[in-house]
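These notes are about the structure you will find just below.
The values are calculated or read from the model by the stated rules, or taken from the named source; none is laboratory data. Predicted, not measured: the structure shown is a model, and the values here were computed from it. Counting neighbours? That spans all protein chains shown, and the Cβs are built from the backbone with ideal geometry, glycine included.
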Amino acid sequence: MLEVIGAGFGRTGTLSLKLALEQLGFGPCYHMVEVFKNPQAPRWWSEAADGRADWPKVFAGYAATVDWPGATFYAQLSRAYPDAKVILTERDPNEWFDSTQATIFPASIPPGTPPAFQEMFDKVIRRLFDDRLRDREHAIAVFNRHNADVRKTIPRDRLLVYEVAQGWAPLCRFLDVAVPTTPMPKANTREEFGRRRASPPPP
């Protein structure tokens, strides 16, 4: 049963948030990295994009979700799990765009990408941007519109608008848990992403 739903796009600190949530007891937390671990997952997300979502199957065993693919479906998920809290991760729009171009929005499909994963990416992410992933003005407009829509859709008492650079305090206050004594996790820098990309997703 999901307790936390991440509505922020990828490259807004979502992997750091995943690790933070798991440290706070809201785990396991779903993230795009989970899709790579389960050969069936891309098909499930393609079905969701086609209007045939089976959320209990997708999130079996998970207490939270952040990043894509889930962020595309935040509104549906907020209705399916009405008691879950919603976190919108944000960052400077231009920095966000530059980060996507260096990582998750490549100019070409990486060699070895399974067809099912490519289909999921096309339906869940590329469609969201009208197939204009490398158009700065358009992509940033989609990013800003999404963030505005989240604010309009989710009641204030259920939503945290958050930048991971803010650290533990606002996150823990929102989730009503104690602040850890350890530093806030920081993960998935461009360099780390590049090293992972050298290893293609499993078939």
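Values for this structure:
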item	result
Unique match (being more than 17 Å from Phe9 (Cα to Cα) and surrounded by 15 or more Cβ atoms within 10 Å (Cβ to Cβ)) among Phe105, Phe117, Phe143	Phe117
Enumeration of residues in region 20-47 that are of a type in the set (A, V, I, L, M), assigned to a helix (DSSP H, G or I) and surrounded by 19 or more Cβ atoms within 10 Å (Cβ to Cβ)	Ala20, Leu21, Met32, Val35, Ala41
Lone unmet requirement of (1) crowded, with 24+ Cβ neighbours inside 10 Å; (2) in a helix (DSSP H, G or I); (3) aliphatic (A, V, I, L, M) for Ile5	(2)
Within region 55-90, considering residues that are hydroxyl-bearing (Ser, Thr, Tyr) and assigned to a strand (DSSP E or B), the one surrounded by the most Cβ atoms within 10 Å (Cβ to Cβ)	Thr65
Pairs where the first residue, in region 167-195, is over 25 Å from Thr103 (Cβ atoms) and the second is modelled with pLDDT of 95 or more and assigned to a helix (DSSP H, G or I), C-beta under 7 Å, 6+ apart	Ala178/Cys172; Val179/Trp168; Val179/Ala169; Val179/Cys172; Pro180/Gln23; Pro180/Trp168
Selected residue [exposed (fewer than 15 other Cβ atoms within 10 Å of the Cβ), within 17 Å of Thr14 (Cβ to Cβ), modelled with pLDDT under 95 and not acidic (Asp, Glu)] from Arg195, Arg190	Arg190
Boolean, Val124 is over 21 Å from Leu175 (Cβ atoms) and in contact (Cβ under 8 Å) with a residue 40 or more places away in the chain	yes
